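Asker: Once you've had a glance at the structure underneath, I'll fire off some questions.
The values are calculated or read from the model by the stated rules, or taken from the named source; none is laboratory data. Computed from a predicted model, the values in this text were never measured in an experiment. Every residue, glycine among them, receives a Cβ derived from its backbone with ideal geometry; neighbour counts consider all protein chains shown.
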Amino acid sequence: MILIIDFGSQYNQLIARRVRENHVYCQIEPPTIKANAIKRLNPDGIILSGGPSSIYEKNSPKIDPAVFKLGLPVLGICYGMHFMMSALGGTVKRTGRREYGFAELHIKRQTGVFEGIHKKTQCWMSHGDSIQRLPNGFTISAATENTAVAAAAHRSKPLIGVQFHPEVAHTLLGKKMLQNFLFSVCGCKRSWTMKSFARDAVEDIRQTVGDKKVILGLSGGVDSSVTAILLHKSIQKQLTCIFVDNGLLRKREAAKLKVTLKQHLDINIRFVNAGSKFLKALTKVADPEKKRKIIGRLFMEVFEAEAKKIKGAEFLAQGTLYPDVIESVSAFGGPTSVIKSHHNVGGLPRKMKLKLIEPLRYLFKDEVRLLGKELRLPDNLVWRQPFPGPGLAVRILGPITRKGLRILRDVDELLLEQIKDAGYYKRLWQSFAVLLPLKSVGVMGDQRTYENIVAIRAVTSKDAMTADWAKLPHTLLGKISNRIINEVDGVNRVVYDISSKPPSTIEWE
Ligand code: XMP
């Protein structure tokens with residue numbers, strides 16, 4: 001296991017992914033973790049991440065310097081390197097100008113992380129501070145034209161610092177350098193697979209739950225389905241799932257999900273049809289955050305009422321993923337501003353006095369999909385694109401009407417059919433339609449029309465934190481537009497969204 005200390009770098013999750021790609025488990029912890037706690041975690045090595053601070057800033061993040069005395073290999077990246085070197089007696093200087101981008105790395109010592117790496121290779125820099133003087137016992141192992149100490153290592157201890165970022169793809173041999181750290185320096189084994197994860201998770205749940213009952217909210221998405229399978233494998237009939245149909249799902253989604261879930265997950269599921277309740281409460285509500293609040297509150301109400309019928313439940317399971325966990329433990333205590341209030345069920349466990357189980361809390365989305373495959377979840381669930389909790393409510397801009405829902409459902413069904421037929425569904429993070437609160441003029445069979453506009457949104461992404469608009473072929477876009485306008489009553493114009501996130505978001509509301 002590798003421990004990654006989060007000094008606030010935008011690349012933290014990337015470091016974790018690079019480690020896990022090598023079948024080595026890793027965990028990200030904040031710098032406030034004490035050396036004793038690290039000892040208990042028993043890692044094979046530590047990576048100190050980069051970060052936006054300068055070590056001279058008053059509130060720059062710091063880790064207990066006793067970590068350097070644990071005898072464990074430590075790799076400091078950028079700010080992580082600055083921290084290590086200054087904690088061990090070296091000095092760091094402000095260079096006055098930022099070095100940002102590509103640089104040619106000249107390797108002086110082809111050992112440790114640089115074993116088997118060419119003497120000259122491309123690396124990626126992003127820093128304002130540099131090492132001025134190394135602590136005793138360290139020597140320079142690589143330099144660039146602008147940075148004399150681009151990498152340094154201790155002569156006899158496994159302590160290494162790199163000024164550049166080996167975790168980003170622009171450092172051409174960065175993967176190999178990290179592999180050297182994992183396998184040659186730390187002596188890790190390639191033993192972390194989804195098979196071993198599933199085995200451990202099932203055992204863990206059994207230990208935690210004992211003979212008590214567990215409730216899980218199923219949404220039909222991959223995260224809650226995988227959580228359900230894991231729980232079912234561990235505790236079988238002690239698990240009850242609740243599926244709330246909020247009336248904001250895709251066309252025939254609730255019925256289709258019911259069949260799939262029943263067929264493939266031999267699990268106790270209660271279906272609650274609460275559509276009218278949600279639609280009534282949303283009448284004339286146009287503000288997106290108000291919509292989310294209403295939907296979140298009603299969901300809690302409906303869920304709680306159903307959960308109360310399950311006597312003696314002590315646990316609530318959730319399909320929380322690692323990116324959410326990382327955000328809440330980051331060096332600066334998580335996100336500073338709420339862009340959208342995504343987490344609709346956050347308040348449930350406390351309100352219902354239930355203990356929380358989150359078996360996926362250390363996994364990324366693509367790992368959850370692999371786990372789903374390992375657990376034999378059907379392909380249509382494993383590869384399901386994410387669908388927001390508030391559903392179509394945030395894809396109908398302005399107030400929600402039954403007519404709007406009908407139009408959007410028809411458009412959405414046609415769109416997904418085309419995307420799937422063209423083989424794009426799995427390649428896209430999400431693809432969906434948005435009903436705009438606008439009308440435009442058109443002409444159909446010599447008749448003037450004055451109808452709705454829909455926007456098509458298709459994005460590629462790794463984790464929804466950033467996203468690119470998908471460069472779908474024009475022929476496919478043309479077909480999508482034609483079929484929608486010809487086949488869906490009430491639409492006479494289709495537009496394609498060519499914005500990326502940031503500065504836009506994936507959903508329109
Ligand atoms: P944005 O629009 O913020 O979306 O770029 C990022 C990801 O989150 C999903 N999303 C939501 N999921 N409740 C949810 O459960 C919400 O209120 C919500 N809003 C956005 C979105 O579909 C994308 O995958």
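Asker: What residue, of Gly174, Gly161, Gly112, is touching a residue at least 60 places away in the same chain (Cβ under 8 Å), in contact with an Asp or Glu (Cβ under 9 Å, 6 or more places away or on another chain) and not assigned by TED's automatic domain parsing to the domain that holds Leu371? Please lay out each step first, then the result.
Answerer: Details: Gly161 fails: in contact with an Asp or Glu (Cβ under 9 Å, 6 or more places away or on another chain); Gly112 fails: in contact with an Asp or Glu (Cβ under 9 Å, 6 or more places away or on another chain).
Within the list Gly174, Gly161, Gly112, the selection yields Gly174.
Asker: Return a yes/no flag: does the range 459-472 have any residue that is more than 16 Å from the ligand (Cβ to nearest atom) and within 23 Å of Pro386 (Cα to Cα).
Answerer: We begin by selecting, within the range 459-472, every residue more than 16 Å from the ligand (Cβ to nearest atom); these are 471-472.
Those left that are additionally within 23 Å of Pro386 (Cα to Cα): 471-472.
Yes, the conditions are met somewhere in the range 459-472.
Asker: Condition first: closer than 14 Å to Asp6 by Cβ and among the charged types (D, E, K, R). Now tell me which residues in the range 60-79 satisfy that.
Answerer: Passing the criteria: only Lys62.
Asker: Next up: Tally time: how many residues in the range 429-452 are touching a strand residue (DSSP E or B) at 6+ places or on another chain (Cβ under 6 Å) and either within 14 Å of Glu507 (Cα to Cα) or modelled with pLDDT under 95 (or both)? Spell out the reasoning first.
Answerer: Residues of the range 429-452 that are touching a strand residue (DSSP E or B) at 6+ places or on another chain (Cβ under 6 Å), as a first pass: 429-436, 438-442, 449-452.
From what is left, the residues that are either within 14 Å of Glu507 (Cα to Cα) or modelled with pLDDT under 95 (or both) are 429-436.
Adding up the residues that qualify gives 8.
Asker: Also, quick follow-up: Select, from Pro65, Pro31, Pro61, the only residue that is within 18 Å of Phe83 (Cβ to Cβ) and surrounded by fewer than 19 Cβ atoms within 10 Å (Cβ to Cβ). Outline the logic, then answer.
Answerer: Numbers: Pro31 fails: surrounded by fewer than 19 Cβ atoms within 10 Å (Cβ to Cβ); Pro61 fails: surrounded by fewer than 19 Cβ atoms within 10 Å (Cβ to Cβ).
It is Pro65.
Asker: Would you point out which residue out of Ile38, Ile2, Ile46, Ile117 is modelled with pLDDT of 95 or more and closer than 23 Å to Leu360 by Cβ? Break it down into steps so the answer makes sense when it comes.
Answerer: Numbers: Ile38 fails: closer than 23 Å to Leu360 by Cβ; Ile46 fails: closer than 23 Å to Leu360 by Cβ; Ile117 fails: closer than 23 Å to Leu360 by Cβ.
After ruling out the rest, the residue left standing is Ile2.
Asker: Confirm whether Ala455 is over 25 Å from Leu381 (Cα atoms), within 14 Å of the ligand (Cβ to nearest atom) and either modelled with pLDDT of 95 or more or of a type in the set (Val, Ile, Thr) (or both). Give the derivation first.
Answerer: Details: over 25 Å from Leu381 (Cα atoms): yes; within 14 Å of the ligand (Cβ to nearest atom): yes; either modelled with pLDDT of 95 or more or of a type in the set (Val, Ile, Thr) (or both): yes.
So Ala455 passes the test.
Asker: Here is a follow-up. Would you be able to tell me the number of residues in the range 5-22 that are at pLDDT 95 or above and either assigned to a loop (DSSP other than H, G, I, E, B) or of a type in the set (Phe, Trp, Tyr) (or both)?
Answerer: 1
Asker: A further question on this structure: What pairs come out if I take residues in the range 187-200 that are touching a residue at least 24 places away in the same chain (Cβ under 8 Å) and pair them with residues that are among the hydroxyl-bearing types (Ser, Thr, Tyr) whose C-beta lies under 7 Å away, six or more apart or interchain?
Answerer: Once the first residue is touching a residue at least 24 places away in the same chain (Cβ under 8 Å) and sits in the range 187-200, its partners that are among the hydroxyl-bearing types (Ser, Thr, Tyr) give Trp192/Tyr25.
Asker: Check Lys426 against each of (1) within 16 Å of the ligand (Cβ to nearest atom); (2) surrounded by 18 or more Cβ atoms within 10 Å (Cβ to Cβ) and name the one condition it does not meet.
Answerer: Every listed condition holds for Lys426 apart from (2).
Asker: Still on this structure, I have one more. How about the range 372-410: which of its residues are within 21 Å of Thr460 (Cα to Cα) and hydrophobic (A, V, I, L, M, F, W, C)?
Answerer: Leu381, Val382, Trp383, Phe387, Leu392, Val394
Asker: Which residue out of Gly423, Gly391, Gly442 is small (Gly, Ala, Ser) and without any contact (Cβ under 8 Å) to a residue 40 or more places away in the chain? Quick ask: steps written out before the conclusion?
Answerer: Working: Gly391 fails: without any contact (Cβ under 8 Å) to a residue 40 or more places away in the chain; Gly442 fails: without any contact (Cβ under 8 Å) to a residue 40 or more places away in the chain.
Matching residue, one of Gly423, Gly391, Gly442: Gly423.
Asker: Further question on the same structure: Quick check on the range 395-409. Is at least one of its residues over 20 Å from the mean Cα position of the chain (by Cα), within 16 Å of the ligand (Cβ to nearest atom), closer than 23 Å to Gly423 by Cα and in the same structural domain as Lys439 (by TED's automatic domain parsing)? Explain how you work it out, then say what you get.
Answerer: Here is the first cut: in the range 395-409, the residues over 20 Å from the mean Cα position of the chain (by Cα) are 395-409.
Still in the running and within 16 Å of the ligand (Cβ to nearest atom): 395-397, 400, 408.
Those still in the list that are closer than 23 Å to Gly423 by Cα too: 408.
In the following step, the residues that additionally are in the same structural domain as Lys439 (by TED's automatic domain parsing) were identified as 408.
Scanning the range 395-409, I find at least one residue that is over 20 Å from the mean Cα position of the chain (by Cα), within 16 Å of the ligand (Cβ to nearest atom), closer than 23 Å to Gly423 by Cα and in the same structural domain as Lys439 (by TED's automatic domain parsing), so the answer is yes.
Asker: Same structure again: Residue check: is Ala254 part of a helix (DSSP H, G or I), closer than 25 Å to Pro399 by Cα and not assigned by TED's automatic domain parsing to the domain that holds Leu416? So that I can check it myself, show each step before the final result.
Answerer: Working: part of a helix (DSSP H, G or I): yes; closer than 25 Å to Pro399 by Cα: yes; not assigned by TED's automatic domain parsing to the domain that holds Leu416: yes.
Judged against the criteria, Ala254 is a match.
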